[in-house]
Amino acid sequence: MTDEDDASRNDEAWAMEFIDRLNRGTQEAHERRDALAVAVDEIAHGFTQLGLKPWKMRRKSPAREDMKAPDVLLGDRAEPAATILRYESAVNILSAADQLRGFAVLLRAEASLMGAVSVARGIFEACLWATAVIDPTITTDERLQRALTRRLARLSAGIRLKDMLDGGVADADQFIENDGDVDDEHGTKRDPAKDIDDIVIYAKDRGWPVKKGRRASEITPLSIDWLSENLERRIGIEGYAWTSGSSMAHGEHAADTASWVELSQDLGTAPAWLIRLWSTGAWAGPRLFLATLANYTGRVSLGREYQRFEELFWDGGGKS
């Protein structure tokens with residue numbers, strides 16, 4: 001056997017070993033992707049339960065204190081303050097749950113970077129709205145002001161949509177459920193214009209200033225930009241999660257962002273590690289909401305599910 005034969009066999013062995021390592025690395029990356037998608041589905045399921053089932057709370061928690069607050073008089077009906085806060089938070093919790101399920105689908109498909117980032121941005125936004133109305137660092141009245149401001153925005157949006165479609169759309173609120181029973185308290189049986197008037201009258205009777213906005217009246221100013229920088233349980237990454245997600249969604253790409261978008265096009269796919277890199281909001285939103293909910297109710301929710309999700313989201317293993 002010649003030296004050339006030995007060299008050829010060594011080269012062939014090296015090539016086979018390299019291909020084997022590459023295949024193993026790809027398989028491991030796919031396993032990590034699938035494990036993350038399963039964890040996202042678990043969080044989505046947990047959010048659905050939080051949106052539909054009553055919350056467990058400790059006796060001296062802010063949530064329990066809200067239950068002792070006077071009823072809110074809205075026109076000809078009285079609504080418990082705690083019910084308003086729970087309902088307005090649940091609307092957004094269920095929205096986040098649905099978008100989390102979509103994010104898991106996009107992770108598994110590895111087909112769309114922009115689609116996944118846009119969904120992650122929606123998850124973050126829904127979680128911040130859900131968080132704002134149960135913020136335990138403010139008073140019950142301040143939480144109510146936020147919740148009623150969000151309700152004004154939601155009712156006004158529903159009116160605009162119905163006007164645009166000439167009444168050919170049903171109010172999605174009729175599908176919000178509470179412990180298995182359909183809750184139509186804020187749905188098709190009510191007149192949203194009257195509900196808006198009732199909220200404005202109530203706010204003014206309480207001495208709360210009501211500002212007429214371009215799209216809806218508001219009792220207290222609220223924006224995702226402000227909330228991402230001011231909610232107590234934030235850890236500093238929230239502003240980045242919102243800004244980076246917005247820049248991707250609106251096509252306001254810096255040079256490095258554009259290069260990542262171009263990379264996904266060149267590859268003809270969007271690897272899970274690339275999706276995760278630009279989808280921080282999919283983790284930051286649920287983290288902030290669950291941390292705030294724990295402070296509000298005095299009880300940890302989805303502790304095991306969230307820990308698994310966080311570990312897999314920040315898994316720094318190899319790339320596919």
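No value in this document is a laboratory result; all are computed from the given coordinates. If you're wondering where the values come from, they're calculated on a predicted model, not measured in any experiment. All Cβ positions, glycine included, derive from the backbone under ideal geometry; neighbour counts span all protein chains shown.
Over all pairs of different C-alpha atoms, the stretch 43-170 has a mean inverse distance whose reciprocal, the Kirkwood radius, equals 16.4 Å. Applying both filters, DSSP loop and at most 12 other Cβ atoms within 10 Å, to the trypsin sites (Lys or Arg not before Pro) of the stretch 68-145 gives 68. Averaging Cα coordinates gives a centre for the stretch 277-318 and one for the stretch 105-138; these two points are 12 Å apart. By the rule of a C-alpha distance below 26 Å, with chain neighbours fewer than 8 residues away ignored, the lysines paired with residue 68 are 53, 56, 60, 204. For the stretch 27-95, the normalised intensity computed at q = 0.29 Å⁻¹ comes to -1.18 (log10 of I(q)/I(0), Debye sum over alpha carbons, equal scatterers, no solvent).
May I ask you to derive the FRET efficiency for residue 215 and residue 28 from their Cβ-Cβ distance with R0 = 56 Å, giving the value to the nearest 0.05?
0.70
Its relative contact order, with pairs defined as Cα atoms under 8 Å and 6+ residues apart, puts the stretch 26-150 at 30 percent. Taking label positions 7 Å along the Cα-Cβ direction at both residue 163 and residue 277, the computed distance is 4.5 nm, reported to one decimal.
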